[in-house]
1. What base-10 log of the normalised intensity I(q)/I(0) is obtained for the stretch A:357-470 from the Debye formula, alpha carbons as equal point scatterers, at q = 0.14, 0.21 Å⁻¹?
2. Output the antiparallel fraction of DSSP beta bridges having both residues in the protein assembly as shown, as a percent to the nearest 5.
3. Over all distinct Cα pairs, what is the inverse of the mean 1/r for the protein assembly as shown, reported as the Kirkwood hydrodynamic radius in Å?
4. For the stretch A:2-67, report the convex hull volume of the alpha-carbon atoms normalised per residue, in Å³, without decimals.
5. At 37 °C and 0.692 mPa s, grab the translational diffusion coefficient of the stretch A:591-725 from Stokes-Einstein with a Kirkwood Rh over Cα pairs, rounded to a whole number in µm² per second.
6. What size of dipole, in debye to the nearest 20, comes out for the stretch A:84-202 about its Cα centre when the only charges are +1 on Lys and Arg C-beta atoms and -1 on Asp and Glu C-beta atoms?
7. Over 20 Å between Cα atoms: which of A:Lys125/A:Lys467; A:Lys606/A:Lys658; A:Lys277/A:Lys760; A:Lys190/A:Lys239; A:Lys383/A:Lys760 fall into that group?
8. Could you quote the convex hull projected area for chain B, Cα atoms only and averaged over all directions, in nm²?
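The numbers here are math on the coordinates, done by the rules we state, and not lab data. Just so it is clear, the model here is predicted, and its values are computed rather than measured. Positions of Cβ are generated from backbone atoms using ideal geometry, with glycine treated the same way; all protein chains shown enter the neighbour counts.
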Amino acid sequence: MKSDDRNITPPAWADKLLCRICAPHLLETILGDLHEEFNFQVSQVGPRKARLLYYREALGFLKLRYIKRQKSPYSATFTFSHDMIRNYFTIAWRTLAHNKVYSFINVIGLSIGLAAAMLILLYTKDEVSFDQFHTNNPNIYRITSRSLSIDGKKVGVMGNTGYMPGPKFAAGVPEIRSFVRYEEQQKDIKNGTEIKSEKVYRVDSSFFSVFSFPLLSGNPETALSQTNSIVISEAMAQKYFGSTDVLGKTILIKGNADKAYEDERFEPYTVTGVAQKSPQNSSIKFDILVPMVTNHGEMEESSNWFSVFMNTFVLLEPGANVSLVEKKMNLIYNADAKEAIREMAQKYGFKDQNQYALQPFTAMHLSADLPGDNGLVDHSDQKLSYILTGIAIFILLIACINFINLTVARSLKRAKEIGVRKVVGGGRIQLIIQFLGESFLLCFAAFIFALVIVQLTLPTFNDLANKQLALSYLFDIKLIMGYLGLFLATGLLAGFYPALVLSGYNPVTTLYNRLALSGKNQLQTSLVVLQFTIASFLIIGTLTIRSQFDYLIHYDLGYNDKHMIRVEKSNLTREEVKLLRQELVKDPNILSVAPKNPGRWFNSAKVNGETEISFAYETIDPEFLPMIEVPVLLGRNFSADSPGDSSRYVLVNETFVKKAGWKNPVGQVVDFWFNNIKYSVAGVVKDYHYTDLNEKIGPQIFTMKAGNTYGRFFVKIKPGTETTSLRHIKETYTRLFPLNPYAYKFLDDDNQQRYESEAKWKQIMLFGTILTIFISCIGLFGLATLAAQRRNKEIGIRKVMGASVTSIARLLTSDFLKLVCISFVFAFPLAYYAIDKWLQNYPYRVDISALLFLEAALLAVIVAFLTVSFQSIRAALMNPADSLRSE
Amino acid sequence: MNRAYLGEFEEIVLLTVAALDGTAYGVILTHEIAEQTGRAVKLNQIHSALQRLEEKGMVRSDMGEPTAERGGRRKRLYSLTAYGQRTLQQVREVRENLWSRFVKPFKLAVEI
């Protein structure tokens, strides 16, 4: 019978399951009983049924009662004993003090990484908190609009509005509690005899009840209710009156509030409030507020729905349904503006449908579609946050890698300590706690340093990130939690792996002195590769941004912007130009003077009968083009001698000709159909970059139309006569236009300033790259030192056998350089992808060249070589007798 | 009552352990009880009853010899402790006491 039963065994996996789950001290009896019962059942009911029964019986043992492990009869080791903790601190301190180089590398690296992360936290906190301080949030909205084409497609969105929407909607929609219109204007203000141009904001009287801007003095409810009242900021009060106690004093401002035109007198405004400085995380920053007064006619004219130039905010009832409010708003608009809509369609063929919408006030700051503009300041780009965060994470990661690499590589020296601790009864958990504790200790030191670094670098950072941040922001529970989290994460990230490795050593091997960490540590190798991948990636990025920046700066704009001065003068008439030119050229240093329209104008007209072209619309006079040295390729320039030029002729640029598809452009007709005026083309002007290089050259038309005002003039001076010429211009200007503020700019400076954001990116990337390289290199330095120490004897033997110093130095150096070269394999494709994406943003851009990558590679290799070679040469120069004597 | 609480199933297991007199272990107890009471008993029920009884101090266990049908594993042999014996005694006394107080001992209507 026994021989039959031998091949009949109970199901193996049930046994396995029980072995896995049941408590070891019960297992023998349970399995024994199960098997005996199985054998019995086989003889009773046969093997098949016995198996089934076996399953049932086995599953019955899956109960807590059988799973619970037996309590150990020995007392557990005390994890947190007072003496041990003191011992940990002593040992930690000794280790740190004994290995000053490594401690230094770790602390410096980590503190730079932490400081970078802290700055970014500050930055993001500021970004997130933007405009959040108003107590009426989240019920403040901005009225925006979108235009839909006839087939319902979205054609465009706009954040700005005109006079009409605010009051009309507030009157018709019960959920809208109040509205504020907010318009920026540049006004001349008289202070004694001096006239200054200041930004003045026209707002509705509900301004202070919607927004939370505290007043130092004055009643916020009535401050803006009188026509000629004015609220100024602390700083403005100090500037004009020398004190902040200025209620009831008067300020002279040119122009009446409801007339935007010039040739007006200075009118007195009474100060009814002094406001605190606007918070730096506010989109609304004002120095001067005056009440917005619209005369009756403006609100009646329904075509005013289509004139758009400012921001309107509304305050909704708490809990109001936004989409419902939007629907009601559009009902009101379609009813009120019916006539104007029809007129627009008739007159201008404007068939797009306009729809009003609401944008939460707090969403404005980071919005890409509907940014805060037209008087709303400090709009920021989310891309910058991403870039900054990326760089900070890179830096912190590299610092943590240093920590991991150095600790693991150095652990050979601590192997004995670990062995002894284990032999006298230290558990693995205790060792992990000890090593983690050490990493936290180091991290804490780095944290303190990081705070110091943040404090020191904050001004530079503010400059780069366009912020006014302060460390006093720290006193905020969320930020403190963030920093604490950062600290814990860094400590864990840096300390966890080493703690795990170190605590896993076998005491027998360590104490017999047989432990050898091989030089080919996979993890260390890959981490170094990762470090240098990041570093080379950033180097390539920086080089690209630099070359693109240089390219933009040195790009031939197609005209000469050297020694040109630009002066703004509003409402510059033809007679004034004549007079000005007469007076200015009296100084022989002044070569020519030419007026131009203010700002950038756009217009559209029809060519070839029906094709409509929109273009940049420039109002100039005959001297403008010769002055900026742009040639007229075909036909002729405007001439002062032919009076018909202003009413009958225009000039166009090459792009315009291309767009119009003209073979013989001269004499072609440009039809300004909605004004019903036709012009002939007198000449074709060579294309030049009239705006910055982020835009392609578009079609351009030059006119001398008498009805168009000039708003600025250009003066070309002889090189090297800046001081005298400027003095002459200023004297002439103030003599001729005593009531206009004088300000000038050099055109070439102005052109360079257009690339401010590129310059900023360049700087940020440069900083990030330098820090990354620095931290990577100190890590490499530490590793090289350790490698040289570990191979001490090997070097000694090699030297005795006749190896030269250079061959040994090369041996030690090449190990690390190989890793750096491997990192290029990863860095290059990534970098290529990234810079290719970035360069797509620019219509005029540099080509991605192999040279750039070569440059980056060379730079990385040289830096790594310099770092490593110091240690290698030192090790190679050592006397072999010293290293071989001690055993 | 100063004696420990004993469940009905525990009582049967304890009695069977006493009846088997030092040779009691999981499988044999299962078979014995199944035979005596006619109910289906599973091994894990016996094990948990034995565990409880051991925790209460009514049985003690020793490891026996390994046998072939157990795959070379040893048996855990159970025997009564003095406390277990006393408990059984008390249970019996309570029952007999009650039985003896019947004025009219009833007869089963149908003899099995």
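1. Per q value, in the given order, log10 I(q)/I(0) is -0.81, -1.22.
2. DSSP beta bridges in the protein assembly as shown are roughly 85 percent antiparallel.
3. Kirkwood radius, the protein assembly as shown: 38.2 Å.
4. Cα convex hull per residue, to the nearest whole number: 76 Å³.
5. Working: Rh = 15.5 Å.
Roughly 212 µm²/s, to the nearest whole number.
6. Values: 16 positive and 10 negative charges, 46 e Å.
Computed charge dipole of the stretch A:84-202: roughly 220 debye.
7. The pairs that break the limit, which is 20 Å between Cα atoms, are A:Lys277/A:Lys760.
8. The orientation-averaged projected area of the Cα hull of chain B comes to 9.1 nm².
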